[in-house]
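This report refers to the structure that appears directly beneath it.
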Amino acid sequence: DFHHFDPATSIFVAPRKGVYSFSFHVVKVYNRQTIQVSLVLNGWPVISAFAGDQDVTREAATNAGLVIMERGDKAYLKLERGNLMGGWKYSTFSGFLVFPL
């Protein structure tokens, strides 16, 4: 049985060639530093988002985009800068096939 998203590694593997839509909302909690989060496709960052307000207890780094993927390509989120003191538990990452190529 082939699963396209592995919850243990948080990696999405494209089941077929096509245009995919991804969005993410990564929440930092009680953290006075800037975070940078990237959507990574096969090891290369394609879009990023930042959260750096020093005066709030919760803030989200949010972004979305369309990417062309080949079958077997891998997409995942990477924390490029800062740290998530609350972990990833308040964050979301979603994606879907818009249309096959």
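Computed from the coordinates by the stated procedures, all read-outs in this text should not be read as laboratory data. The structure displayed is predicted, hence computed values, not measured ones. As a convention, Cβ positions derive from the backbone with ideal geometry for all residues, glycine included, and neighbour counts pool all protein chains shown.
List of remarks:
- Distance between the 7 Å Cα→Cβ label points at Arg16 and Lys78: 2.9 nm.
- Pairs of Lys residues in the chain, spaced 8 or more positions apart or belonging to different chains, with C-alpha separations under 21 angstrom: 4 in total.
- Relative to the Cα centre, the charge distribution of segment 5-91, modelled as +1 at Lys and Arg Cβ and -1 at Asp and Glu Cβ, gives a dipole magnitude of about 180 debye.
- log10 of Debye I(q)/I(0), alpha-carbon scatterers only, for the chain at 0.10 Å⁻¹: -0.28
- Taking label positions 7 Å along the Cα-Cβ direction at both His3 and Ser48, the computed distance is 3.1 nm, reported to one decimal.
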